[in-house]
Amino acid sequence: MPDPKLRHLRIEGVSKSFGGQVALSDFHLDVLGGEFVALLGPSGCGKSTMLNCLAGLLPLGAGRITLDDRRIDTLPPERRGFGMVFQNYALFPHLTVRRNVAFGLHARKTPSDEVGPRVERSLEQVRLTEHADRYPSQLSGGQQQRVAMARAIVLEPPLILMDEPLSNLDAQLRTELRTELRRLHQDLGLTTVYVTHDQSEALSLADRIVILRSGRMLQVGTPEEVYTQPAGAYVAAFMGYRNLLPAQLKEARDGRATVLLAGGQVELDGVDRTGDGVGDLVAAIRPEDLRVGGGSGGDGDRNLIRCRAEVVEYQGNELVVTAEAAAGLSLQLRTRERVAPGDELSVRADPARVLVFEAAS
Amino acid sequence: MSRAVAADRPAAGRSLRHRLAAVGLDRVVLLAIPAAATIGLLFVYPFLYGLGLSFQPLDGGGVFANYRAFFNDAYQASTIAKTLRLALPAALLNVAVSVPIAHKMRRPMRFKRLITTALILPVTLGTVLVAEGLIRYFGPQGWFNQALLGLGLIDAPLRLTNNYVGVFASLVITGFPLALLIVLGHASGIDPDVEKAAATLGAGPTQRFWKVTFPLMLPGVSIAFMLAFVAAFAVFPSAVMVGNPSGETRVISIAAYQAAYEQFDYPMASTIAMVMAAVELAVIGVILGLRSRLYRGATSGGKG
C-alpha cells in the first residue's frame, strides 16, 4: 500500500449555524493518514455541513482545522488541494470524460507533458479508458460517478471528501461501486472522509465511524464498536436495533439490568448501559436476536415474551414478523420458523443481547 | 411485443390517443394546431404576400427594380448600417450586462424578488412610455440637465435626446430585461455543485467563470442576444420620439413606414421589409453558426 499523502488531519471544535439554527456544534476529530472515516447520520444531522467546511465551501462558525499542523480552514477551496466527490456527480457537462479528469491538473498548472499520462492512469484505475471521449450525459450514473472519482484521484490529493457518492445509484450498482471505492482507497493509500446516511455503507467501508445527530457527535468508533456497543438508544436504532421498548428499571447490579415492560407484564434481563441517569429507559433488541419458540432455554421463563404475529413479510431465507405482545407492545423479529399472521408465539431474547439505555440517549 | 398486441386488434377499436401514439404524437400536441394555424395566417401569408408585392414595382422596370432602387439610393441603403449601428451594440450591451447579474442571482440572495421586479418592470412599459420618460428626464428641459445646470457642473444642457444616445438608451432600457430574463432562466438550470467541484479541483473564481459557468451559460446567452437584436433592429417609436428620424437614427423601419404611408408605395415598403428580414436572418444565421460549434447539451450532469 502506498504511503498516504497526509499524516494527520485535526478538526478542533468546529461549529456552524445557519440563521440561528445550529447545524454543527463542537465537532472534534483526528484523522490519520490512510484512514477511511465515515460521518453517519440522517439528513440534517450536520454531516454534510462538516464535509463542506472541510472542503472550504462553507466558512466555519468557530473552531479550526489543521493538516499536518498547517492551518487550512482559512484557505479558499481551490487552495486546499482536496478531492471531492458529490452525490449528483457534478461533472462538467460541456467537457469530455478525459477533459473532466484533466480539469484539476490544468487548474493547478501541472506541466502539460504530465497531464496526459496521469489522466490515462486514473481512467484505467476506474476502468473507464474506453469512454474517455464521451460526454457525461452519454454515461450511466455509475460511470459518471467513476469519472468523478477519477477526477478527484488524478490530483493525488492528501484527502478525499465524499458526499453521499452512492445515494443516487440503484441498489446493485451501489454495492458494486462500494467495493470499488474501498479498493481505490486501499490501492492508492488515500485518506477519505465519507458522508452517508446508510449505516451498511458506513459499516462496510469505514475504518472509523462518527455518528451525528442534530449537529452533535454521539459516538466515534470502529464499525464493530458502534455496531456491538452503541453509545445510546439513538445510535442503537441506527445500528439495527429495531425494537426500542419503553421500560422501567426493576433492579440494576454488576452491569446487568432487569427492566419491566408493558406496565410490568413483561420482565426482561439485559446489559445495563444507562450510565447513572434516572430517566425513562428503553430496552433495545435487534429483530434477529428475538428467537421464536423459547421455553426450552433452561432458565425457565426468563426473558420470554408472549406475543401474537400480526404482519408476516417473506424475505427469502427468513421471515420478518411484526408481533404484538401484552399492552400494545409491538415487536419486530426475524425467523426461519414458519409463522402465519395470528399465530401465538413465545420469543426469547438472550440477556447479553438486550441493551438497556436511557430513552433520551 | 406491444406492437404485435396492438396489431391484433381491429384499427377501428383503437382510440385516437393510441393511433396518434403509433405515429409518435401525443394528444397534447394537437393543442398547438390553433397557434400554428394563426402563425400561418397572420405571419407566413402576409410575408409571402409582401415578398410577392416587392417584385411588382409601381413604376415598372423589372422584377428587381425596387431592390435596385433601394440599394442605389444612399439615403435609403444607409438605413441598414444606421439600424445595425444601434441594434448590434445595444443587444451586445444588454447581454453583456445580463451575464454577470444572472451569474450572481443564481444563488439565493436577499431582496432577490424585489431586484428581479425592478429589473423586469420596463418590459411591462411600452417603448412609447419609455421614450416619454427619457424626454422628460434627459431632454434639454429635463430634470437631469436642470440638476447639472443648477449645480454648475455644465454650462449648456447635454444633448442626450433627439440623437443616437437617446435611441440607444431606450433600446437598453426596454431590451435589457428581456435579455436578463432569458439568461437568468437558462443560468438557473446550471447545477451549482459543478462550480463547487471546479473550486475543489483548484480553479479560482476567474477560472471557474470562464472555464465552467460561462460555457454552460453560452446557449442561453446566444438566444438572448438573438432576441435582443431582433427586437432592437425593429426599433421604431423611440427612433422617432427620442432620436433624429431624418438623420442619424433614420432606421430601416422608418424608411419602410415612409414608403408605405407617406408615398403610398406598398411594393417599395414591402421591399424594405424584405431587406430588413434578410439582414435579421443573416445576423441570426451567424449566431446560430457560431453556436453549433459550441456545447449545447444539458446544463447538469445528465441522470442526476
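Data for the structure
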{"read-out": "Single unsatisfied condition, A:ASP68 versus (1) of a type outside the set (Phe, Trp, Tyr); (2) more than 10 Å from chain B (Cβ to nearest Cβ); (3) loosely packed, with under 14 Cβ neighbours inside 10 Å; (4) out of contact with any strand residue (DSSP E or B) (no Cβ under 6 Å at 6 or more places or on another chain)", "value": "(4)"}
{"read-out": "Strands (runs of 3 or more DSSP E) contained entirely in segment A:140-240, each with at least 2 residues that are farther than 22 Å from B:THR200 by Cβ", "value": "A:208-213, A:216-221"}
{"read-out": "Subset of segment B:218-235 (residues that are assigned to a helix (DSSP H, G or I) and within 10 Å of the chain's Cα centre (by Cα))", "value": "B:ILE223, B:ALA224, B:PHE225, B:MET226, B:LEU227, B:ALA228, B:PHE229, B:VAL230, B:ALA231, B:ALA232, B:PHE233"}
{"read-out": "Wholly enclosed helices (runs of 4 or more DSSP H) of segment B:121-215 bearing at least 3 residues under 14 Å from A:PHE92 (Cα atoms) and open to solvent by less than 20 Å² (accessible area, probe 1.4 Å)", "value": "B:192-200"}
{"read-out": "Test: residue in segment B:190-208 that is within 30 Å of B:PHE70 (Cβ to Cβ) and in contact with a Leu (Cβ under 9 Å, 6 or more places away or on another chain)", "value": "no"}
{"read-out": "Hits in segment B:96-122 - residues which are of a type in the set (Gly, Ala, Ser) and either touching a Leu at 6+ places or on another chain (Cβ under 6 Å) or touching a residue at least 60 places away in the same chain (Cβ under 8 Å) (or both)", "value": "B:SER98, B:ALA102"}
{"read-out": "Residue match in segment B:256-276 (condition: within 20 Å of the chain's Cα centre (by Cα), in contact (Cβ under 8 Å) with a residue 12 or more places away in the chain and outside any helix (DSSP H, G or I))", "value": "no"}
{"read-out": "Considering residues of segment A:10-32 that are of a type in the set (Val, Ile, Thr) and in contact with a Leu (Cβ under 8 Å, 6 or more places away or on another chain) only, the residue farthest from A:LEU54 (Cα to Cα)", "value": "A:VAL31"}
{"read-out": "Residues satisfying the stated conditions in segment A:1-27, i.e. under 22 Å from the mean Cα position of the chain (by Cα), open to solvent by 60 Å² or more (accessible area, probe 1.4 Å) and not aliphatic (A, V, I, L, M)", "value": "A:ARG10, A:GLU12, A:ASP26"}
{"read-out": "Within segment A:341-358, tally of residues that are open to solvent by less than 70 Å² (accessible area, probe 1.4 Å), outside any loop (DSSP other than H, G, I, E, B) and closer than 15 Å to A:ASN303 by Cα", "value": "9"}
{"read-out": "Residue match in segment A:242-261 (condition: open to solvent by 30 Å² or more (accessible area, probe 1.4 Å), part of a helix (DSSP H, G or I) and not aromatic (Phe, Trp, Tyr))", "value": "no"}
{"read-out": "Test: A:VAL271 is in a strand (DSSP E or B), farther than 21 Å from A:SER167 by Cα and open to solvent by 60 Å² or more (accessible area, probe 1.4 Å)", "value": "no"}
{"read-out": "Which numbered condition A:GLU130 misses (of (1) modelled with pLDDT of 90 or more; (2) under 22 Å from the mean Cα position of the chain (by Cα); (3) more than 13 Å from A:LEU184 (Cβ to Cβ); (4) open to solvent by 10 Å² or more (accessible area, probe 1.4 Å))", "value": "(2)"}
{"read-out": "Enumerated helices (runs of 4 or more DSSP H) restricted to segment B:31-91, each holding at least 2 residues that are of a type outside the set (A, V, I, L, M, F, W, C) and surrounded by 14 or more Cβ atoms within 10 Å (Cβ to Cβ)", "value": "B:45-54, B:65-72"}
{"read-out": "Residue under evaluation B:ASP191, criteria (1) more than 23 Å from B:ILE120 (Cβ to Cβ); (2) in contact (Cβ under 8 Å) with a residue 12 or more places away in the chain; (3) away from chain A (no Cβ under 14 Å), criterion not met", "value": "(3)"}
{"read-out": "Selected residue (criterion: surrounded by the fewest Cβ atoms within 10 Å (Cβ to Cβ)) from residues of segment A:42-65 that are at positive phi and away from every other protein chain (no Cβ under 14 Å)", "value": "A:GLY44"}
{"read-out": "A:ALA237 being among the small types (Gly, Ala, Ser), surrounded by fewer than 19 Cβ atoms within 10 Å (Cβ to Cβ) and at pLDDT 85 or above", "value": "yes"}
{"read-out": "Test: residue in segment A:86-95 that is among the hydroxyl-bearing types (Ser, Thr, Tyr) and either touching a Cys at 6+ places or on another chain (Cβ under 6 Å) or within 14 Å of chain B (Cβ to nearest Cβ) (or both)", "value": "yes"}
{"read-out": "Qualifying residue in segment A:108-125 (condition: away from chain B (no Cβ under 14 Å) and open to solvent by less than 50 Å² (accessible area, probe 1.4 Å))", "value": "yes"}
{"read-out": "Subset of segment A:133-162 that is buried (at least 23 other Cβ atoms within 10 Å of the Cβ) and among the charged types (D, E, K, R) - its residue that is nearest to the other protein chains (Cβ to nearest Cβ)", "value": "A:ARG151"}
{"read-out": "Residue in segment B:195-216 that is acidic (Asp, Glu), closer than 30 Å to A:ARG134 by Cα, in contact (Cβ under 8 Å) with a residue 60 or more places away in the chain and within 14 Å of chain A (Cβ to nearest Cβ) present", "value": "no"}
{"read-out": "Qualifying residue in segment B:253-272 (condition: at pLDDT below 90 and open to solvent by 20 Å² or more (accessible area, probe 1.4 Å))", "value": "no"}
{"read-out": "Strands (runs of 3 or more DSSP E) within segment A:299-340 that include 3 or more residues in contact (Cβ under 8 Å) with a residue 40 or more places away in the chain, of a type in the set (Asp, Glu) and touching a His at 6+ places or on another chain (Cβ under 7 Å)", "value": "none"}
{"read-out": "Residues being free of Cβ contacts under 8 Å to residues at least 40 places away in the same chain and under 20 Å from the mean Cα position of the chain (by Cα) - total across segment A:143-183", "value": "14"}
{"read-out": "Pair list, Cβ under 6 Å, 6 or more apart: segment B:284-304 residue more than 12 Å from chain A (Cβ to nearest Cβ), other residue open to solvent by less than 60 Å² (accessible area, probe 1.4 Å) and at pLDDT 65 or above", "value": "B:ILE284/B:MET226; B:ILE287/B:SER222; B:ILE287/B:MET226; B:ARG291/B:SER222"}
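The values are calculated or read from the model by the stated rules, or taken from the named source; none is laboratory data. Note that this is a predicted model, so its numbers are computed, not measured. Cβ atoms come from the backbone with ideal geometry, glycine included; neighbour counts cover every protein chain shown. Note: areas computed on protein heavy atoms with side chains; ligands, DNA, RNA excluded. Shrake-Rupley method; radii C 1.70, N 1.55, O 1.52, S 1.80 Å.
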